[in-house]
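Q: Structure in structure tokens, see below.
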Amino acid sequence: MVEIVKITEKEFRQMVSVSSRKLSRNAEFINSLNVFPVPDGDTGTNMSLTLASGEKYVNQDSATSIETLANSLAKGLLMGARGNSGVILSQIFRGFSKDVVGKSELDATDLAHALSAGVKAAYKAVMKPTEGTILTVSRKAAEEALKVAKEGGSVVEVMVAAAQAADEALQTTPDLLPVLKEVGVVDSGGQGLTFVYQGFADALTGNVSEDDQHTPTMAEMDEMVNAQHHQSVQGQLNTEDIVFGYCTEIMVRLGAGRLVTHDEFNYEAFHNALAEIGDSLLVIADDEIVKVHVHTEHPGTVMELGQSYGSLIKVKVDNMRLQHETILEHDKEEAKKEPKVNKELTGDYGVIAVSSGAGMAELFTSLGVTKVLSGGQTMNPSTQDIVDAIQETGAKKVLVLPNNKNIFMAANQAAEVSEVDVAVVETRTVLQGMTAMLGFDKDADLEENKETMTEEMADVVSGQVTIAVRDTTIDGQEIKKDDYMGIIDGKIKVTNPDRKQAAIDMVKAMLNDDSEIVTIIVGEDGTQAEAAEIEDAILAIDEDLEVEIHQGDQPVYPYLVAVE
């Protein structure tokens, strides 16, 4: 193999392509690193679709200079950015592109400085940078890249060192963010970036797997990037394309058990043995416990390897091919549902609300929202989606209600690049969004409306009922798989195996002496009959409360509850 001295057009395109394949292939694994045991992990999906958009822009660009291609990558990432992790990824390569202006190719020093410039741009884009996240991983990778370049390392050595440093930094994220350690996962955004940098390194070393070699056609890119928000990354694959079909998780208590054959735990040997039989591998170990997540065709072998070091204290195996078929059926049904648009615009205003479910769209439309953009917890819209929605209102002034904190950064990016005046009211839930609309005044200016609507949503307490997808401990609470959780303003406050009782207990925790109105939004997994029983229980607590029940059809959350 010819040694690569500089990154030219050929290498850069290959780096983008390989990293995009690797990120897409591991998207569901990244999703599984969700801190909350809620069936809405979306970091992998967001980062994968963000990078796919960047790849599409690069593939459409016939330029040969790194300056131009890096700018196309940054533009594609910016417009395709979904979720906070996707926006931060776009900012890393926005900084990268600005640093390579005037360069037709990159040597080792150029690459290291560009990675470092990306870190600075990402930190600047986040209002309150938090260590133990994708930011830490990007910074540590860039620091090692600069060190190796300064020592005279080649461009390949610089990228390999950056990828290795990213992985090492990723393993430290639980030590920097206590909630990650409590739950037993690494940071999902950091994991995504690690796959990106590993893809870059693989492209430069030629160590590219069959799965990462395929460069999609433009038609395939269009299909991937323009997929509707309700479609998961799994929904863009064929079931038969899943190479490793069993998502396997085990927890091992070291040194205990009849089948132990090793006196001491060897992390490297254990990790390497698992890597040979699967992918999407994560191994977290301390002196007593080892946790493993791997996609494999041989879950029994994974268990045997674990038992050679200790006793199995947790085993979980999911058939991903079966899950994928279920997802495809769900996506077909969701695709039939069209978001409602209110075309009766008064004044110069347009108001955009992000939500999922036909019922939710009708509720927002009835409150005066101009356009409902389909999306939410598991389907974050991209910057481009929000820009398009802004343009479709035809208004001179537009208010955006993200209704999810993971959409804030994409909404703010859309506001920055839009040609009309846009203000983002940072609503964290659809319940806050509905309450905020009560403060909307078509005769007020943009900033006045933003301020009034922000104040209005402070009067609502938001509750969400959903099911736990795994056993975990968080915020000091023991949570069992398949139990129902009551989440109040982002904190898990209630768990109960009975869904109705979980909802009732959650509402009890939400009420105070000033509470007047309780609104119940029924999701696609909830029922009107059960909601009526919940209403009866609420009125038994306080008969003076006013209870309203609406059909929302939202996924993931059988019941959303607002208390005002």
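Derivation of every value follows stated rules applied to the coordinates shown; laboratory data play no part. Everything numeric in this text was worked out from a predicted model, so none of it was measured. Cβ: placed from backbone, ideal geometry, glycine included. Neighbour counts: every protein chain shown.
Q: For the cross-link pairs 103/150; 120/397; 140/291; 75/120, which exceed 27 Å when the distance is taken from alpha carbon to alpha carbon?
A: Numbers: 103/150 19 Å; 120/397 32 Å; 140/291 25 Å; 75/120 18 Å.
Correct reply: 120/397.
Q: Something else: Which whole-Hz couplings ³J(HN,Hα) result when phi for each residue of the range 256-264 is put into the Karplus expression 6.51 cos²θ - 1.76 cosθ + 1.60, θ = phi - 60°, listed in order with x for Gly and Pro?
A: 10, x, 6, 9, 5, 10, 10, 5, 10
Q: Then there is this: Can you work out the Karplus-derived ³J(HN,Hα) for every residue in the range 387-399? Use 6.51 cos²θ - 1.76 cosθ + 1.60 with θ = phi - 60°, whole Hz, and x for glycine or proline.
A: 4, 4, 5, 4, 5, 5, 5, x, 9, 7, 10, 10, 10
Q: Hey, another quick one. With charges set only on the Cβ (+1 for Lys and Arg, -1 for Asp and Glu), what does the dipole of the range 153-206 come to about its Cα centre, in debye to the nearest 20? Each step should come with its number before you reach the end.
A: Working: 1 positive and 7 negative charges, 14 e Å.
So the magnitude is around 60 debye.
Q: What list of ³J(HN,Hα) couplings, whole Hz, do you get for the range 513-522 from phi and the Karplus terms 6.51, -1.76, 1.60, once you set θ to phi - 60° and write x for glycine and proline?
A: 5, 8, 5, 10, 10, 10, 10, 10, 9, 8
Q: If you don't mind, there's one more thing I want to ask. Give me, ordered by chain and number, the residues 5 or more places off residue 373 or on other chains with an amide H under 5 Å from its own placed amide H.
A: Excluding prolines and chain starts, which carry no amide H, the hits are 353, 354, 355.
Q: Another question about this same structure. Translational diffusion coefficient of the range 1-95 at 4 °C, 1.567 mPa s, Stokes-Einstein with Kirkwood Rh over Cα pairs, in µm²/s as a whole number. Don't skip to the end; give the middle numbers.
A: Details: Rh = 13.9 Å.
The Stokes-Einstein estimate is 93 µm²/s.
Q: Near the amide H of residue 474, under 5 Å away, which other amide H atoms are found, from residues 5 or more places off or on another chain, if H is placed in the peptide plane?
A: Here 479 satisfy the definition.
Q: Need one number: nm distance between label points at residue 298 and residue 151, each 7 Å from Cα along Cα→Cβ, rounded to one decimal.
A: 3.6 nm
Q: Let me ask you something else. Find how much the distance from residue 348 to residue 420 grows on full extension, using 0.36 nm per residue of separation minus their present alpha carbon separation; answer in nm with one decimal.
A: Values: separation 72, 0.36 × 72 = 25.92 nm, distance 1.11 nm.
Result: 24.8 nm gained on full extension.
Q: Here's another thing I want to ask about it. What ratio of Cα Rg to 2.2 N^0.38 Å holds for the range 369-412? Each step should come with its number before you reach the end.
A: Details: Rg = 9.9 Å, N = 44, 2.2 N^0.38 = 9.3 Å.
Cα-based Rg divided by the globular estimate yields 1.07.
Q: Turning to a different aspect of this structure: Separation of the range 392-422 and the range 460-485 by C-alpha centroid, Å?
A: So the separation of the two Cα centres works out to 32 Å.
Q: Give me the net charge for the shell around residue 315: Cβ to Cβ below 13 angstrom, other residues only, Lys and Arg +1, Asp and Glu -1. Spell out each step's value before the answer.
A: On the way: positive: 253, 291, 314, 316, 470, 481; negative: 249, 304, 318, 471.
Local net charge: +2.
Q: Here's something else I'd like to know. Suppose every Lys and Arg Cβ carries +1 and every Asp and Glu Cβ carries -1, with no other charges. What dipole size does the chain come out with about its Cα centre, to the nearest 20 debye? If you can, show how the numbers build up before the last one.
A: Numbers: 46 positive and 93 negative charges, 312 e Å.
Charge dipole, the chain, about its Cα centre: 1500 debye, nearest 20.
Q: By counting other Cβ atoms within 10 Å of each Cβ, how are 506, 320 ranked from fewest to most? Present the calculation step by step, with values, prior to reporting the outcome.
A: Working: 506 26, 320 18.
Neighbour counts put them in this order, fewest first: 320, 506.
Q: Here is a follow-up. Taking amide H positions as placed 1.01 Å from N in the peptide plane, with prolines and chain starts having none, which residues 5 or more places from residue 551, or on another chain, fall under 5 Å of its amide H?
A: 522
Q: Can you tell me the length gained on complete extension of the stretch residue 514 to residue 308, counting 0.36 nm per residue apart and subtracting the Cα distance?
A: Working: separation 206, 0.36 × 206 = 74.16 nm, distance 5.90 nm.
This chain segment gains 68.3 nm when fully extended.
Q: Then there's this: Would you mind ranking 311, 62 by Cβ crowding within 10 Å, fewest neighbours first? Walk me through the numbers before you get to the answer.
A: Working: 311 16, 62 8.
So the residues, fewest neighbours to most, are 62, 311.
Q: Here's something else I'd like to know. If you project the alpha carbons of the range 428-564 onto their three principal axes, what span does each projection cover, largest first, in Å?
A: Answer, in whole Å and largest first: 50, 33, 29 Å.
Q: Could I ask something else about it? Starting from the Cα-Cα distance between residue 176 and residue 391, subtract it from 0.36 nm times their residue separation and give me the gain in nm to one decimal. Write down the numbers at each step before the final one.
A: On the way: separation 215, 0.36 × 215 = 77.40 nm, distance 4.16 nm.
Between residue 176 and residue 391, full extension yields 73.2 nm more.
Q: Per DSSP H run of n ≥ 4, the term is -39500 (n - 2.57); total these for the chain, divide by its residue number, and report the mean residue ellipticity at 222 nm rounded to 500 deg cm²/dmol. Working shown, then result.
A: Details: 22 runs with 275 residues, N = 564.
Here the helix-only value at 222 nm equals -15500 deg cm²/dmol.
Q: Can you give the FRET efficiency to the nearest 0.05 for residue 287 and residue 130, using r as the Cβ-Cβ distance and R₀ = 30 Å? Write down the numbers at each step before the final one.
A: Numbers: r = 28 Å, r/R0 = 0.92.
E(calc), rounded to 0.05, equals 0.65.
Q: At a temperature of 20 °C and a viscosity of 1.002 mPa s, determine how fast the range 419-501 diffuses translationally according to Stokes-Einstein, using the Kirkwood radius over alpha-carbon pairs as Rh; express D in µm²/s, rounded to the nearest whole number.
A: Values: Rh = 14.9 Å.
For the chosen part, D equals 144 µm²/s.
Q: Next question, about the same structure. With a sphere of radius 11 Å drawn around the Cβ of residue 159, what net charge do the other residues whose Cβ falls strictly inside it have (Lys, Arg +1; Asp, Glu -1)?
A: On the way: positive: none; negative: 11, 144, 157, 202.
In short, -4.
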